[in-house]
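Heads up: the structure comes next, in structure tokens.
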Amino acid sequence: MADAKYDVLAIGNAIFDVFAQTDEGFLNRHGMTKGGMALIDEARATAIYADMGPATEMSGGSAANTIVGIANFGARAAYVGKVREDQIGKLYSHDIRAAGVAFETRAASGGPATGCSYILVTPDGERTMNTYLGAAQELMPDDIDAAQIAASAIIYLEGYLWDPKNAKEAFVKAATIAHGAGRQVALTLSDSFCVDRYRDEFLDLMRKGTVDLVFANEAELHSLYQTSDFDTALKQLRADTKLGVVTRSEKGCVVASRDGVVAVPAFPIQKLVDTTGAGDLFAAGFLFGLVRNAGHENAGRLGALAAAEVIQHIGARPQVSLKELAQQNGLPV
């Protein structure tokens, strides 16, 4: 197997994030399910934005947040996602490259605007997302560069990609190329509502070995196996995939493989501000640990560290050097 040019290449929906702090009344008024992610059209996006109040805006998207975190740890990172050649698309491209991530996907010259997610953060730190996919759903199999995929040690795929048909085909193409080059493929389940929509297909990807590593939170795991019993679901996960990582908020995470289960505690925090990006940054730390051959326990600790950093401020991107933070906490970098 040739040496990798990139440690991790992520493929996801390129989404510009618009954050606002709000209350339960706003969610109820707009018929939102607290803590979830709903796909919306342009008209609903406009209505929500008009009613939102002061907002913080930055480039986002689940897999993009993860890959920015990986670059922040000091690994070689690349991203594939579709924006339009509009003002927000240009901002998005600039942001991700400025974070040290290779981003070469050609922007769309026409069609829908660059995707946006309107993220409402309630006082308890819970985030509720309303996502207009826009140009993100125009990601095509042709956007997958075979040489770039084959040159990446781990390909990280976002469950949200399973919504648009063309993106789904791009996802499978990338996984096939990666395995052909002896690389690993990781999948994040993204959202319990996403799992509800595609449960059988996600299980099929796992059982057929299209993906080698699966990230899930507790809600996604319970949805995947349609059981409220954690141990039953975990046992099934171990049977279905080579490596499964389940995040459990303040209870930390469990790393489940055929060899056994390792529990890793959460990192202590001073104040929970915004849970947006917690799972994305956990995945960043864990994948970084994997490519550094740090072992499952240390990978889990690196994930917990990155998640703890991001939930203590607004937004889903780290605000300090995760590499330095890991060094300060005696973790391998």
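List of remarks:
- Put simply, the amide H of residue 242, placed in the peptide plane, has no neighbours under 5 Å, leaving out anything fewer than 5 places away on its chain.
- Rounded percent of accessible protein surface that carbon and sulfur make up, the chain, 1.4 Å probe: 48 percent
- Taking amide H as placed 1.01 Å from N in the peptide plane, the amide H of residue 115 sits under 5 Å from that of 16, 84, 135, 136, each at least 5 places away or on another chain.
- Solvent-accessible surface (1.4 Å probe) assigned to residue 169 amounts to roughly 80 Å².
- As computed over the chain, the Cα convex hull volume per residue (Å³): 122 Å³
- Above-threshold pairs, the threshold being 22 Å between Cα atoms, out of 34/235; 5/173; 173/323: 34/235; 173/323
- Convex hull of the range 211-333 built on C-alpha atoms - directionally averaged projected area, nm²: 7.3 nm²
- Counting only residues at least eight positions apart within a chain, or on another chain, the lysines with an alpha carbon under 17 Å from that of residue 271 are 251.
- Using θ = phi - 60° in the Karplus curve 6.51 cos²θ - 1.76 cosθ + 1.60, the 3J(HN,Hα) couplings for the range 298-311 round to 5, 4, x, 5, 5, x, 4, 5, 5, 5, 4, 5, 6, 7 Hz; x is entered for Gly and Pro.
- The range 1-150 shape via C-alpha gyration tensor axes, a/c threshold 1.5: prolate
- Solvent-accessible surface of the chain, taken per residue with a 1.4 Å probe and all protein chains present: 40 Å².
- Amide H contacts of residue 10: 78, 79, 80, 156, each under 5 Å away and 5 or more positions distant or on a separate chain (H built 1.01 Å from N in the peptide plane; Pro and chain starts excluded).
- Calculated FRET efficiency for the pair residue 261/residue 29, C-beta based, R₀ 45 Å, to 0.05: 0.55
- Residues in the range 4-10 carry Karplus couplings, in order, of 7, 7, 10, 6, 9, 10, 9 Hz; the curve used is 6.51 cos²θ - 1.76 cosθ + 1.60 with θ = phi - 60°, and Gly or Pro positions show x.
- Here the Karplus relation 6.51 cos²θ - 1.76 cosθ + 1.60, evaluated at θ = phi - 60°, turns the backbone of the range 263-274 into coupling constants of 9, 10, x, 6, 7, x, 10, 7, 8, 7, 10, 7 Hz, with x for every Gly and Pro.
- Candidate cross-link partners of residue 168 among the lysines, defined by an alpha-carbon separation under 19 Å and a same-chain spacing of 8 or more, comprise 82, 208.
- Three-way shape call for the range 183-250 based on the alpha-carbon gyration tensor, with the a/c threshold at 1.5: rounded
The values are calculated or read from the model by the stated rules, or taken from the named source; none is laboratory data. Computed from a predicted model, the values in this text were never measured in an experiment. Ideal geometry is used to build each Cβ from the backbone, glycine not excepted, and the neighbour counts take in all protein chains shown. Ligands, DNA and RNA are excluded from the accessible area calculation, which covers all protein heavy atoms including side chains. Shrake-Rupley method; radii C 1.70, N 1.55, O 1.52, S 1.80 Å.
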